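Notes to accompany the following structure.
Since every read-out is calculated from the coordinates, none of them should be taken as a lab result. As the structure is a computational prediction, the values presented were derived from the model and not from experiment. For neighbour counting, all protein chains shown are included, and Cβ atoms are generated from backbone atoms with ideal geometry for every residue, glycine included.
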Amino acid sequence: MDQAWILPAIPAAIFIVVALIGRYLPRQGDFLVILGGLTLVAIVFSMFPGFQAAFHEGHFAPGTTNVYSFDWVNIGQGFFIIPFSTYVDGITMVMLPVVTIVALMVMIYSVSYMHGEPRYFWYYAVLSLFVAAMLTLVIAGNLIQLYLAWEGVGLASFLLIGFYWERQSAAEAAKKAFITTRIGDVGLLIGIIMLWRSTGSFDIQTIIAAAKAGAFDHTYLTVAMIFLFCGAIGKSAQFPLHVWLPDAMEGPTPVSALIHAATMVVAGVYLVARFSPVYAEVLIARDVILYIGLITAVMAASMGLVASDIKRVLAYSTVSQLGFMFVALGTGAVTAAMFHLLTHAFFKALLFLGSGSVIHATHQQEVEHLGGLRKKMPWTTATFVIGSPALAGVPIFAGFWSKDEILAATLEDAPIWAYVMLAGTAILTAIYSTRVVLLTFFGEPKDHHAYDHAHESPWLILGPLVLLATLATVAGFLALDQVGQSLGFVGGIGQIVFLEHAHEFTHPEWLLASIATLGALAGIGTGIAFWHGDARRAVAAREWAPDLHALLVNRYYMDKLYQGIIDRVILGFAGVVAWFDKRIVNETGVDGGAQTIGYLGYRLKFLQTGRIPNYALGMAVGLVAIIVIAFGSQG
Amino acid sequence: MIPLSNFLVLSALLFAIGFYGVLARRSAILILISVELMLAAVAINFIAFATYRDPKAFTGLVFALFVITVAAAEVGLALGIVLRLFRERRSANVDEASSLKW
């Protein structure tokens, strides 16, 4: 545990190597990155025994410190310290396997998927950079380190979304992603500064302890924690900063799987989970989180219902599921949120990589051009058909367990209408995921050119799919204490990640579980009814409410709203500043200064007559002046 | 003894005349002669002061010697320049030598 810093150090070193000389390495260095990924998974798994032992000894209750640090910046004798510190606890131990396993799957998958693409080595280099930054983020012990890593993953995301920068839409999407998350990051920075001003420290555990001891003014702390959440809103694509994630699908599909499904977008969830003891003190902030999560979940699910690009549907789904996680955090159910993070990472990555397999085979992303692929791509269909109910929350599969926990927490600690909305969203989730599966793999092919071209993908692509499908099936059982104990832990996930008390979990609550299952099955049934075959009912529904359809397709017109604000407000302000710079600074100041001196010179040059008697007179006048001044002042 | 002020007035007058000459003469040679006049006036001033303060010491006389030496060197140089100028233009008129102007 003390050497946790080695985890980000490895991919960081690999990034530098591959970025600089990857072009000249055999196979452009992809094996190096994969080797790094394997090493990371190995290290993480080797951490588990030590972790389990520590837990049995009671070391990982919240509030215990487990930090390795040295001071990086120290100004004013301890007034301003930026340390380098790591902190590993139950939350971290959930994130680490998620990040490393999904990263490894993506790295292996990309060998085949990105084969022959230009700048292949750069793709792998930035992938490595991303893993380094993400790992730094999850083991960060202090807020400055976290913020640096936060920006680091944002950078990697920008570089990878804009990987095909020759395409204007990709470059725009990368810019949009970075700028939108940057807006959230300003809030995060303000929150960090506010917390530092009160406690004098950036150390996370110090701040948590101070908050629990009541060292903060209540309003001040509420505001600070809301600002902190702003960063999460940006990075985790919550309303109103969710607009970048659908566009981020311009990047290569493995990137979407890794960054925009499993890891970077959950950084916000991780941040809030980390600070959950503090959020427990400021319930207003927690309510904000809950309602924003709820709004996001519903909005995104509704937009996913009508999207025509597979990846876009999955993107909306991600936003919606992140909303679920934040709802859980909003009720204080850290365990449920982190558990859903884990399961979601697996099945969402599976779904994205599966869609990538389809795209790779048919060179199509739009659902209008797909259909009937199950005959041509059996393995892909099978894994996708496993991921889909996992998303929908069908029992046995991972999503059921984690979603059920969230719904239970919502029922307990949130207003009843919130539970109803969330359950409704779960049903919507089942509907849209069924829709995607039916339109892509079942029914008749709509574009025969694409269909004829389709073939099953090579094993480098299918392998990760199968592995993720397995995880999506079994990971849910980690909730059970029996399973956890048989693996050597104290119990199921409720005993590892918790806020105040460990949860015991030996069986799901049957009533709640049944309701959730019925909802999921109802959703699937609706999906089949509407989109089965030639999707007559769906087309009829679209015609029955064209305005609603338009609203959803246009993303509630939020993009237009934001573009309008940018065009009018921001560019308008920029125009004013540009005018100021051009007229006042440049013409008056710079040019004017030069012109004034030029004019003076033009006038004064006539003193240079070239006539010696004039110069002699000048000298005489000067001499007289000196004498007068020198002897006059003595006077 | 003749009062000191007499010598000082003499030297002042000589200096003033020389000064006027430098400013108001057209011929380069005459300007040089005026400069010599100013130097002579300065020398008289030194000697007068020296003699009246301490007749036995000859500090002022030594200084006068220096002045003469400097004057000689300076005029040598100046005449060299004037001769060059004369050869170029066939005239020593300083008013006409004003090409280094704006």
Name the residue farthest towards the positive end of the dipole of the protein assembly as shown from the options A:ASN554, A:PRO246, A:LEU604, assuming +1 on Cβ of Lys and Arg, -1 on Cβ of Asp and Glu, about the Cα centre.
A:LEU604
Counting trypsin sites (Lys or Arg not before Pro) as exposed when in a DSSP loop with at most 14 other beta carbons within 10 Å, what is the longest stretch of chain B free of them?
B:57-89
Phi-derived 3J(HN,Hα) across segment A:618-628 with the Karplus relation (6.51, -1.76, 1.60, θ = phi - 60°), rounded Hz, x for Gly and Pro, is x, 4, 4, 4, x, 4, 4, 4, 4, 4, 4
Helix A:459-474 against the longest principal axis of chain A: what's the angle in degrees, Cα atoms only, rounded to the nearest 10?
70 degrees
I need the Debye-formula profile for segment A:336-417: one equal scatterer per C-alpha, no solvent, reported as log10 I(q)/I(0) at q = 0.14 1/Å, two decimals.
-0.56
Along chain A, longest interval not containing exposed GluC sites (Glu not before Pro), exposed being DSSP loop plus at most 12 other Cβ atoms within 10 Å
A:167-499
Toward the positive end of the charge dipole of the protein assembly as shown, about the Cα centre and with charges on Cβ (Lys, Arg +1; Asp, Glu -1), which of A:SER633, A:ILE14, B:PHE63 goes farthest?
B:PHE63
Would you list, by chain and number, the lysines whose Cα falls below 29 Å from the Cα of A:LYS235, excluding same-chain residues fewer than 8 positions away?
A:LYS175, A:LYS176, A:LYS212, A:LYS311, A:LYS348, A:LYS403, A:LYS560
What does the structure give for A:605-614 when I average, per residue, the other chain Cβ atoms found within 10 Å of the residue Cβ?
5
Quick one: Debye curve from the C-alpha atoms of the protein assembly as shown, no solvent, what's log10 I(q)/I(0) at q = 0.10 Å⁻¹?
-0.98
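When the convex hull of the C-alpha atoms of chain B is computed, what volume per residue in Å³ does it have?
Cα convex hull per residue, to the nearest whole number: 104 Å³.
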Taking neighbour Cβ counts within 10 Å as the exposure measure, how do A:MET93, A:MET325, A:MET421 sort from fewest upward?
A:MET421, A:MET93, A:MET325
Along segment A:122-133, Karplus-curve 3J(HN,Hα) (6.51, -1.76, 1.60; θ = phi - 60°) to the nearest Hz, with x for Gly and Pro, reads 5, 4, 5, 4, 5, 4, 5, 4, 4, 4, 4, 5
Pull up all non-local amide H partners of A:PHE84: gap of 5 or more, or a different chain, and H-to-H distance under 5 Å with H placed in the peptide plane.
A:PHE70, A:ASP71, A:TRP72
Cβ density ranking, 10 Å radius, fewest first, applied to A:ASP567, A:ASP287, A:ASP30 yields A:ASP567, A:ASP287, A:ASP30
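Take every residue in peptide A:616-623, count the Cβ atoms of other chains within 10 Å of its Cβ, and give the average of those counts. Write down the numbers at each step before the final one.
Numbers: counts 7, 3, 0, 2, 3, 0, 0, 1.
Neighbouring Cβ atoms belonging to other protein chains average 2 per residue here.
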Provide the per-residue ³J(HN,Hα) series for segment A:24-35, in order, calculated from phi with Karplus coefficients 6.51, -1.76, 1.60 and θ = phi - 60°, each as a whole number of Hz, with x at glycine and proline positions.
9, 6, x, 6, 6, x, 5, 5, 5, 5, 5, 4
Highest mean first, how do A:612-625, A:465-478, A:591-604 rank when packing is the count of other Cβ atoms within 10 Å averaged over residues?
A:465-478, A:612-625, A:591-604
Taking Cα atoms, how many degrees apart are the long axis of helix A:310-330 and the longest axis of chain A, rounded to 10 and kept between 0 and 90?
90 degrees
Please report, in Å, the Rg and the Dmax of segment A:121-208, where both are computed over Cα atoms only.
15.3, 48
Note the angle between two axes, namely the Cα long axis of helix B:59-89 and the longest principal axis of the Cα atoms of chain B, as a number of degrees from 0 to 90, rounded to the nearest 10.
10 degrees
